[in-house]
Amino acid sequence: MPAVSSLIPSRFLTLTAHLVIVITIFWSRENNVLACLPSSYSVEQYNSRDTEMIVALSVTLGMFVIELCGFFSGVSMFNNAQSLISMGGHSSGTVALLFFLFEQWDCTIYWWIFSFCSALPAVIEVILCAAVLGLKKKLL
């Protein structure tokens, strides 16, 4: 029983750590945008990549809202499978985004990180919320 009860704070901490890294990248996205551009670039190229990063980070924040709503409402808080998927995705996302931030990886890599580490847990959260709220099923 202690292992199950430790999933809730662990899930919250990994979700929060991933959120903090995304907000940090949002504030300091200029260096990552410059890493996506060739050595000589135009203003249009810069604006295009900057818009791409803003959209990607905004969609990621939207995914966090979905997951936090499901978590704080209690719909998925005590679901062990969702907790493990969320913890795995967000801890991997935290580490990958730290490398993305410090190593200044190409912007296209962010979409891969987003797909596996933010979108996948959020989609499963939506499915779980629909099953619990819409179908009135108990998924413990």
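The values are calculated or read from the model by the stated rules, or taken from the named source; none is laboratory data. All values derive from a computational prediction rather than experimental measurement. Virtual Cβ from ideal backbone geometry, glycine too; neighbours counted across all protein chains shown.
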Legend entry - Enumerated helices (runs of 4 or more DSSP H) restricted to the stretch 1-95, each holding at least 2 residues that are in contact with a Cys (Cβ under 9 Å, 6 or more places away or on another chain): 29-35, 43-72
Legend entry - Residue ID - farthest from LEU19 (Cα to Cα), chosen from residues in the stretch 84-109 that are under 14 Å from the mean Cα position of the chain (by Cα) and not hydrophobic (A, V, I, L, M, F, W, C): GLY88
Legend entry - Set GLU103, GLU67, GLU52: member being charged (D, E, K, R) and surrounded by fewer than 12 Cβ atoms within 10 Å (Cβ to Cβ): GLU103
Legend entry - The one condition in (1) assigned to a helix (DSSP H, G or I); (2) out of contact with any Cys (no Cβ under 6 Å at 6 or more places or on another chain); (3) among the basic types (Lys, Arg) that LYS136 fails to fulfil: (1)
Inset, instruction - With the checklist (1) out of contact with any Leu (no Cβ under 6 Å at 6 or more places or on another chain); (2) within 21 Å of ILE124 (Cβ to Cβ); (3) at pLDDT 95 or above in hand, flag the one item ILE54 doesn't pass. - result: (2)
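This table checks each residue for (1) modelled with pLDDT of 95 or more; (2) of a type in the set (Val, Ile, Thr); (3) under 30 Å from ALA131 (Cβ atoms).
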residue: SER10; (1), (2), (3): no, no, yes
residue: ILE23; (1), (2), (3): yes, yes, no
residue: CYS36; (1), (2), (3): no, no, no
residue: GLY70; (1), (2), (3): no, no, yes
residue: LEU84; (1), (2), (3): no, no, yes
residue: CYS107; (1), (2), (3): no, no, no
Inset, instruction - Output the qualifying pairs, or none if there are none: Cβ atoms under 8 angstrom, residues six or more apart or on different chains, first residue in the stretch 93-122 and closer than 18 Å to LEU15 by Cβ, second residue of a type in the set (Asp, Glu). - result: PRO121/GLU67; ALA122/GLU67
Inset, instruction - Confirm whether SER115 is under 14 Å from the mean Cα position of the chain (by Cα), more than 22 Å from VAL33 (Cα to Cα) and not in a loop (DSSP other than H, G, I, E, B). - result: no
